[in-house]
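What follows is a single structure, written as structure tokens, with notes after it.
The values are calculated or read from the model by the stated rules, or taken from the named source; none is laboratory data. Note that the coordinates shown come from a computational prediction; the quantities given were computed from them, not determined experimentally. Here the Cβ positions follow ideal geometry from the backbone for every residue, glycine too, while neighbour counts run over all protein chains shown.
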Amino acid sequence: MQKITELILNKCKTDYFSSTFLEMIMNNDSNDSRYGIIKRAIQNKELVRIRRGLYILGDKYRRFQISEKVLSVHIYTPSYVSFESALSIYGIIPDITQNIVAASFSRSKTFKTKVGIYKYISIPVEPFYFGVKRQLNNSGDPFLLASLERAFCDFVYMRKLKWKDLSLLTVGFRFDEDQLKIIDLPLLQKISTCYPKKFVRIFVENFIRKIKETWDVI
């Protein structure tokens, strides 16, 4: 085991960490020395580079299952898990997404990493974190997740959806019709007004009207 790996295991409570953390625990080493140490640890598969400035422990030394959702917040910021990734968590669509799809206030970008593909889609909404909540994974690590209502609006915005009827969602995108009943309609309407394109608000207004007609929701 490389000395750097031993230091990480002793000093870091998580299996993911930044280059800033590595600099801190190797503060007696020069920049060139740190670079060489990290490079050797990667070659020995004790460390895995996710992207510039972000690393995880290699398979052999990992203490916890790596959470793709937790990593997503650290790979590109500001961001939160949304779209299909969030909708599948809420049971709205089947869990068929192999990659993480997240919203970002920065420009859209995709990262192909050793642990999966992370797709970030620019959502110019202010306030950016309206309808976003802090969640904990099974290991107690935090990540940011869109509420069901925010993920729904993000999905409409990303897909540029124009209202036809409910089958656009239930057939076209395999939305679970029964699960749609759990959506907080007043919150959904409030969030829809934050988007710069009015088609999101129009789509949501039509969706709410249809839901109320179909299930006699007040």
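Some observations on this one:
- Output for the stretch 144-191, where each listed residue is hydroxyl-bearing (Ser, Thr, Tyr) and over 20 Å from the mean Cα position of the chain (by Cα): SER167, THR170
- All of (1) in contact (Cβ under 8 Å) with a residue 24 or more places away in the chain; (2) small (Gly, Ala, Ser); (3) surrounded by 15 or more Cβ atoms within 10 Å (Cβ to Cβ) hold for GLY91 with one exception: (3).
- Residue match in the stretch 117-124 (condition: aliphatic (A, V, I, L, M), in a helix (DSSP H, G or I), touching a helix residue (DSSP H, G or I) at 6+ places or on another chain (Cβ under 7 Å) and within 20 Å of VAL81 (Cβ to Cβ)): no
- SER33 surrounded by fewer than 20 Cβ atoms within 10 Å (Cβ to Cβ), part of a helix (DSSP H, G or I) and hydroxyl-bearing (Ser, Thr, Tyr): yes
- Of all residues in the stretch 3-52, those that are touching a strand residue (DSSP E or B) at 6+ places or on another chain (Cβ under 8 Å) and either acidic (Asp, Glu) or farther than 19 Å from SER67 by Cβ (or both) total 9.
- Subset of the stretch 164-218 (residues that are of a type in the set (Phe, Trp, Tyr) and in a helix (DSSP H, G or I)): PHE199, PHE203, PHE207, TRP215
- Exactly one residue out of GLY53, GLY58 is within 28 Å of the chain's Cα centre (by Cα) and modelled with pLDDT of 95 or more: that is GLY58.
- Residue count, the stretch 125-141 (criterion: exposed (fewer than 13 other Cβ atoms within 10 Å of the Cβ) and either in contact (Cβ under 8 Å) with a residue 24 or more places away in the chain or outside any strand (DSSP E or B) (or both)): 4
Here is a yes/no grid of residues against (1) hydrophobic (A, V, I, L, M, F, W, C); (2) touching a residue at least 12 places away in the same chain (Cβ under 8 Å); (3) out of contact with any Asp or Glu (no Cβ under 8 Å at 6 or more places or on another chain); (4) at positive phi:
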site	(1), (2), (3), (4)
LEU180	yes, yes, yes, no
ILE183	yes, yes, no, no
VAL200	yes, yes, yes, no
ASN206	no, yes, yes, no
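- In the set (1) within 26 Å of the chain's Cα centre (by Cα); (2) surrounded by 18 or more Cβ atoms within 10 Å (Cβ to Cβ); (3) assigned to a helix (DSSP H, G or I); (4) outside the structural domain of GLY116 (by TED's automatic domain parsing), GLU84 fails one condition alone, (4).
- CYS153 meets the stated requirement of being within 22 Å of ILE93 (Cβ to Cβ), of a type outside the set (Val, Ile, Thr) and touching a Phe, Trp or Tyr at 6+ places or on another chain (Cβ under 7 Å).
- Any hit, the stretch 143-160, residues being of a type in the set (A, V, I, L, M, F, W, C), loosely packed, with under 13 Cβ neighbours inside 10 Å and either assigned to a loop (DSSP other than H, G, I, E, B) or at pLDDT 95 or above (or both): no
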